[in-house]
Amino acid sequence: HALQFKVAGERKCTEYHKIGTYGFSSCFHFFHTAFTRTLPAGDLRLAAALFGGQDSKNRAKTLSPIVSFDEDAFSTMSSALRDVKDAAELFGGIFAAAVSAARFLNDRGAAAEFAEACDGMCVSNAMREA
């Protein structure tokens, strides 16, 4: 709960940007793990706690709880990003692919989920526009 709502999103984004510097394979596996693993306390997937946070006005903005994740769709969408070298674009693109491959409890659509998490993490324009 604390990781999801109390950690500043900008702090999370700084750390996630570093993952993008490790390249496609590392980013892909990071997101695959985040969207497929559940937390020990129940059915909440790790991604719901990781992506989002407190925005610049200290408002909590996070992904909705994830109901399911289409691993094949994620793999297909992500594969188009294999040659992306910019860390923010790579991380943002694979994040968008993961969000698009997920089904959320609050059925507001992938674009709205992505925007909410990006707002919570105070991401750069490069990551948001990927």
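The values are calculated or read from the model by the stated rules, or taken from the named source; none is laboratory data. Since the structure is predicted, the reported quantities are computational estimates derived from the model, not experimental observations. Please note: Cβ atoms are built from the backbone with ideal geometry, for glycine as well, and neighbour counts cover all protein chains shown. When the accessible area is computed, the model is the full protein with side chains, heavy atoms only, and any ligands, DNA or RNA have been set aside. Shrake-Rupley method; radii C 1.70, N 1.55, O 1.52, S 1.80 Å.
With Cβ to Cβ distances under 9 Å as the rule, what net charge do the other residues near T36 carry (K, R +1; D, E -1)? Net charge in that neighbourhood comes out at +1. Here region 21-87 yields Rg over Rh of 1.02, to two decimals, using C-alpha coordinates and the Kirkwood radius. In angstrom, the C-alpha Rg and Dmax of region 39-128 are 13.1, 37. Spin-label model, Y22/D70: points 7 Å from Cα along the beta carbon direction are separated by 2.8 nm.
Taken along the Cα-to-beta-carbon direction at a fixed 7 Å, the label points for D43 and S56 span 3.7 nm. Here region 27-83 has 48 percent of its accessible surface on carbon and sulfur atoms, given a 1.4 Å probe and all protein chains in place.
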